[in-house]
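Colleague: First the structure, which I've put down as structure tokens, then a few questions once you've had a look.
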Amino acid sequence: MSDLTPGTWTLDPAHTSASFTVRHAGISKARGQFPEVEGALTVAEGGEDLKFEATLQTASITTANADRDNHLRSADFFDAEQFPAITFVSTGLEGEKLTGDLTIRDITRPVVLDFTYEGAATDPFGVYRAGFTGETKISRKDFGLTWNAALEAGGVLVADEVKIAIEAEFTAPAAA
């Protein structure tokens, strides 16, 4: 990552995806994303010391189902009115593991993401960009997301394990 300019890079929300997948009724998967995302990447001299910060607006959640989206925004899940943001702040990077603190509903837990630096390039408009991907799994119950419904055949409607996938693109700091 020595090709990264030192300084604070800006997250490009138009080229970033923060998504999740969770088992539904034990037979399928529900998917969603948070399109309203902000963040920054701080790069130290030499490009090896990186710090990531991101904020997702909980009210922006979309799963392609308006009723489900409204339920997820309610107090049963994210309680978007009381807890308008989900945040992530990295605490370390070692090889392909990015550690950080994830906060949902004002509950902060450490997480480890499988992390990949996808490279950097100058786009046709002269903007230098860098891309990263990260994946992890969390227990939603660890973050106070405990709502569920029992199924007639046994089991529950919403699984505890949630897979999170991030594809982030950052623009380089302006030249000094």
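Every read-out reported here was derived from the displayed coordinates using simple, explicitly stated rules and does not represent laboratory data. All values reported here derive from a predicted model rather than from experimental measurement. Don't worry about glycine lacking a Cβ; one is built from the backbone with ideal geometry, like all the others, and counts go over all protein chains shown.
Colleague: Here are several values of P(r) over Cα pairs in 5 Å bins from 0, in percent: [x] 1, 7, 16, 20, 21, 17, 9, 5, 2, 0, 0; [y] 1, 8, 15, 21, 18, 13, 10, 7, 4, 2, 1, 0, 0; [z] 1, 7, 13, 14, 13, 12, 9, 9, 9, 7, 4, 2, 1. Which one was derived from the coordinates shown?
Modeller: Answer by label: [y].
Colleague: Another question about this same structure. Tell me the relative contact order for region 1-113 as a rounded percent, counting alpha carbon contacts under 8 Å between residues six or more apart.
Modeller: Values: 220 pairs, mean separation 21.4, N = 113.
In percent, rounded to a whole number, it is 19.
Colleague: Further, regarding this structure: Given charges of +1 on the Cβ of Lys and Arg and -1 on the Cβ of Asp and Glu, with all other atoms neutral, how large is the dipole of region 75-165 about its Cα centre, in debye to the nearest 20?
Modeller: Magnitude of the dipole: close to 100 debye.
Colleague: I need the phi-derived Karplus couplings for region 139-154: 6.51 cos²θ - 1.76 cosθ + 1.60, θ = phi - 60°, integer Hz, Gly and Pro marked x.
Modeller: 8, 5, 5, 4, 10, x, 9, 10, 4, 6, 9, 6, 9, 4, 7, x
Colleague: Further question: Which whole-Hz couplings ³J(HN,Hα) result when phi for each residue of region 94-111 is put into the Karplus expression 6.51 cos²θ - 1.76 cosθ + 1.60, θ = phi - 60°, listed in order with x for Gly and Pro?
Modeller: For region 94-111, the Karplus curve yields 9, x, 9, 10, 9, 9, x, 9, 9, 10, 10, 6, 6, 10, 10, 9, x, 9 Hz.
Colleague: Quick check on the chain: helices-only [θ] at 222 nm, where DSSP H runs of length 4 and up contribute -39,500 (n - 2.57) each and the sum goes over total residues. Nearest 500, please. Walk me through the numbers on the way to the answer.
Modeller: Numbers: 1 runs with 8 residues, N = 176.
Helix contribution divided over all residues of the chain: -1000 deg cm²/dmol.
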